Amino acid sequence: MATPPVTRDEELELRVESLAFGGNGVARLDGFVVFVRAGLPGDTVRARITKVQRRHAEAITTEVIEAGPQRVEAPCAHYPACGGCRFQDLDYEAQIAAKQAWVEDSLRRIAGIAEPPVGQIIPADDRFFYRNKMEYSFAPGPDGAELGLHRAGRWDEVLDIERCWLTTDVGNAIRNTVRDWAREERLAPYDQAAGSGYLRHLVIREGRNTGQALVQLVTHERERFERERLIEVLTAHPEVKSIHWAVNDTPAEITNLPTVLLWGDEAIEEQIGDLRFRVRPNAFLQTNTQMAARLYDLARSEAGLTGGETVYDLYCGIGTIGLSLAQDALTVWGIEVSEESVACAIENAELNAIGNAAFFAGNVGQVLRDLHERAGDPEVVVVDPPRAGLAGKALKRLGELAAPRVVYVSCNPTTLAGDTKRLVEEYGYRLVRTTPVDMFPHTPHVESVSVLERAS
Ligand SMILES: C[S@@+](CC[C@H](N)C(=O)[O-])C[C@H]1O[C@@H](n2cnc3c(N)ncnc32)[C@H](O)[C@@H]1O
């Protein structure tokens, strides 16, 4: 077995050839691969080796000796210290080319499809200020509470943020107001190691097409703040329509906590295409509203509905995809594990006067057979699972349905490729087409919509 040509903590000069899935640069030393954090294609960098394994090593860039041709100026003052963006300094065309290649490469390597039928990536309409949801953390600072995003590569350090380029001016202003409030009220940020302090997180959601904002404060145990003052400072922003508070009294970082409504409406609304959606604090909503509309249009055209079909919308969230398809289908049946999201989906059907869609709470792998008994054979099944893909029994149950067409909306090319391989090899499907969509510029995330068909 050959010895790796590098050792830990060694500094060396590397030329970065390409970007690997996940966003690290790829350099080679006589064929031995070194993944270089903050190295961009074409760069010559000085890098320090941080980890050595048998087949590859990891390194971090300490100096860019010669910048590659795709490097651009990053506009955000917090880049690259902030962990919110990975590629602000990579030309956008190069970002989407890399994402396209990751999807193709996953299908080739993992699904074993020699020439994957991957269409041209749909680029993001807006390259900045595109998010409708931000989650910030509190941390102690020299002038009192700081409020921002994690430092790049650090889960235990927070960078105070003045202006984030992923959210809107409204989102930035609300966050800064909450930081000022925390300082004024002398509330201490929670310290996970010591188990002391109080303020933990702030979540801001915005209906980007409705102008409505929802604010959720997450604290450690008990109510140790004056509600009226928090409501007063937040409602100075006319966009704020809903203020929630959640308690996490455990040392662990937990999401989807039950919330207490402090002021305003339980939920806010967002408009996607010609539909209106109610969104509660813990319900899932694609975080880029503008590109969600593009994604759903694509899913709709790939579903190829003619009006007479039974459609399943698995992992349906608040019903966004199912309700966009309902007008072209006979019936739509949605399954979603989060009861809060299902509650929204049912309300959303009503809100949009859609009478041919029904939504149920349950784990796809566990309830799909029951749904099949109740709803009958589907002509089209849309799946939009989380990053883990069709986990547990979900893939087997989906395969057993033997629907003629599956539309697979994926946020992870690796699990998409693994699931595609099984659907092809074990259940007789053929991958017709995959179209990548860039929902998250400057991050390594890539979404895609695939169509799989089964010969009947
Ligand atoms: C990527 S989101 C898609 C939501 C929706 N299709 C959309 O576009 O807004 C995945 C959803 O799957 C739900 N989920 C996760 N695991 C699940 C499971 N085992 N069964 C059912 N739903 C699940 C999550 O709560 C989340 O709402």
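The values are calculated or read from the model by the stated rules, or taken from the named source; none is laboratory data. Owing to the predicted nature of the structure, the values given are computational and were not obtained by experimental measurement. Positions of Cβ are backbone-derived with ideal geometry, glycine not excepted, and every protein chain shown enters the neighbour counts.
Checked against the criterion of being within 11 Å of the ligand (Cβ to nearest atom), surrounded by fewer than 19 Cβ atoms within 10 Å (Cβ to Cβ), charged (D, E, K, R) and at pLDDT 95 or above, the candidates Arg387, Arg374 yield just one match: Arg387. Pairs meeting the criteria (first residue in segment 146-161 and on the phi > 0 side of the Ramachandran plot, second residue at pLDDT below 90, beta carbons under 8 Å, at least 6 apart or on different chains) are lacking. Being under 34 Å from the mean Cα position of the chain (by Cα) and either among the small types (Gly, Ala, Ser) or under 21 Å from His445 (Cα atoms) (or both) is the filter here, so list the residues in segment 1-30 that pass it. Hits for segment 1-30 are Val16, Glu17, Ser18, Leu19, Ala20, Phe21, Gly22, Gly23, Asn24, Gly25, Val26, Ala27. Could we say that Glu336 is at pLDDT below 95 and either surrounded by 18 or more Cβ atoms within 10 Å (Cβ to Cβ) or not assigned by TED's automatic domain parsing to the domain that holds Asn412 (or both) here? For Glu336, the condition - at pLDDT below 95 and either surrounded by 18 or more Cβ atoms within 10 Å (Cβ to Cβ) or not assigned by TED's automatic domain parsing to the domain that holds Asn412 (or both) - is not met. Scanning segment 73-101 for residues that are surrounded by fewer than 22 Cβ atoms within 10 Å (Cβ to Cβ), within 21 Å of Thr434 (Cβ to Cβ) and under 17 Å from the mean Cα position of the chain (by Cα) gives a single hit, Ile96. Residues that are over 20 Å from Ala358 (Cβ atoms), more than 15 Å from the ligand (Cβ to nearest atom) and in contact (Cβ under 8 Å) with a residue 40 or more places away in the chain within segment 390-413 comprise Ala402, Pro404, Arg405, listed in sequence order.
Annotation note: Cβ proximity below 6 Å between a residue of segment 170-196 that is β-branched (Val, Ile, Thr) and a residue that is part of a loop (DSSP other than H, G, I, E, B) (sequence gap 6+ or interchain) occurs for Val170/Glu239; Ile174/His237. Consider segment 310-351 and keep the residues that are of a type in the set (S, T, N, Q) and within 21 Å of Ala394 (Cα to Cα). The one that is farthest from the ligand (Cβ to nearest atom) is Thr310. Leu423 satisfies every condition listed in (1) at negative phi; (2) within 16 Å of the ligand (Cβ to nearest atom); (3) surrounded by 17 or more Cβ atoms within 10 Å (Cβ to Cβ) except (2).
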